[in-house]
1. Looking at the structure I just gave you, is residue 126 surrounded by 18 or more Cβ atoms within 10 Å (Cβ to Cβ), in the same structural domain as residue 55 (by TED's automatic domain parsing) and either in contact (Cβ under 8 Å) with a residue 12 or more places away in the chain or not in a helix (DSSP H, G or I) (or both)?
2. Restricting attention to segment 73-87, which residues are surrounded by fewer than 17 Cβ atoms within 10 Å (Cβ to Cβ) and under 19 Å from residue 99 (Cβ atoms)?
3. Could you check residue 198 against (1) surrounded by 11 or more Cβ atoms within 10 Å (Cβ to Cβ); (2) over 27 Å from residue 129 (Cβ atoms); (3) modelled with pLDDT of 80 or more and say which number it fails?
4. Would you pick out the residues in segment 129-154 that are loosely packed, with under 14 Cβ neighbours inside 10 Å and not in a helix (DSSP H, G or I)?
5. Kindly list the number of the only condition in (1) in a helix (DSSP H, G or I); (2) closer than 17 Å to residue 128 by Cβ; (3) at pLDDT below 70 that fails for residue 192.
6. Please enumerate the residues belonging to segment 37-83 that are part of a loop (DSSP other than H, G, I, E, B) and free of Cβ contacts under 8 Å to residues at least 40 places away in the same chain.
7. Farther than 25 Å from residue 144 by Cβ, surrounded by 14 or more Cβ atoms within 10 Å (Cβ to Cβ), at pLDDT 55 or above and not assigned by TED's automatic domain parsing to the domain that holds residue 92: which single residue out of 241, 204 fits that description?
8. Would you pick out the residues in segment 84-119 that are more than 25 Å from residue 208 (Cα to Cα), assigned to a loop (DSSP other than H, G, I, E, B) and touching a residue at least 12 places away in the same chain (Cβ under 8 Å)?
């Protein structure tokens with residue numbers, strides 16, 4: 001264990017030195033605030049496994065001093081190498097922080113108290129739905145607001161698993177992401193991926209529409225699209241039915257679909 005601790009300290013020391021070199025060449029820091037931001041970033045790296053939110057916050061604070069995009073990406077690579085993550089992962093951490101930072105600080109604290117990292121991609125749905133709630137309601141009782149959203153998001157996830165289990169062939173194991181065979185997830189055909197993406201986009205577009213109004217609005221939009229873009233002139237019958245086969249990996253619109261006002265009300 002002592003060897004691992006020493007290795008970690010060596011890495012952080014190297015990061016500190018590399019960032020200091022960048023500052024000397026590219027940062028005009030007469031007030032010394034860039035040094036403070038760098039030290040906070042190095043400390044956040046040390047606690048990365050505990051909080052991506054803190055790391056994202058430190059990265060954003062340090063980015064302020066880097067005027068050139070190329071220099072910022074160099075910092076991203078240094079940080080990624082230090083924690084054995086690629087550039088895309090580091091940029092996703094920054095995006096996750098920027099999304100979560102729109103929440104009131106009370107909500108951030110309530111999420112962290114529940115062990116939910118606001119900057120993690122898997123918690124994007126939770127953050128997005130908290131942002132839909134009136135800010136004064138969240139601030140008045142952040143713990144209750146967080147519990148409400150966590151409850152509804154968990155219920156939705158369970159419902160998706162149950163729906164896929166019902167649609168899956170008998171005996172097939174089902175995960176939150178689709179049908180599996182042993183340890184592998186069944187890959188969907190291209191047309192299934194496209195259909196799933198369309199459904200996710202529809203769900204997102206109707207998120208703020210009353211449930212009793214959604215069908216009419218959707219059918220009207222489909223009719224206009226068929227007429228204007230496909231040249232259809234004949235009546236087409238629409239028959240609701242369950243999916244022919246569950247998708248293996250949800251596309252982003254479904255994975256982070258927003259709760260409708262009615263769902264938010266029912267979760268209270």
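The values are calculated or read from the model by the stated rules, or taken from the named source; none is laboratory data. Every value quoted in this text rests on a predicted model; they were computed, and no experiment measured them. Cβ coordinates were reconstructed from backbone atoms using ideal geometry, including for glycine residues, and neighbour counts include every protein chain displayed.
1. Details: surrounded by 18 or more Cβ atoms within 10 Å (Cβ to Cβ): yes; in the same structural domain as residue 55 (by TED's automatic domain parsing): no; either in contact (Cβ under 8 Å) with a residue 12 or more places away in the chain or not in a helix (DSSP H, G or I) (or both): yes.
Taking the combined requirement at face value, the residue does not satisfy it.
2. 85, 87
3. (2)
4. Answer for segment 129-154, where residues must be loosely packed, with under 14 Cβ neighbours inside 10 Å and not in a helix (DSSP H, G or I): 134, 141.
5. Going through the list (1) in a helix (DSSP H, G or I); (2) closer than 17 Å to residue 128 by Cβ; (3) at pLDDT below 70, residue 192 breaks only (2).
6. 47, 48, 49, 50, 64, 83
7. On the way: 241 fails: surrounded by 14 or more Cβ atoms within 10 Å (Cβ to Cβ).
The unique qualifying residue is 204.
8. 114, 116, 117
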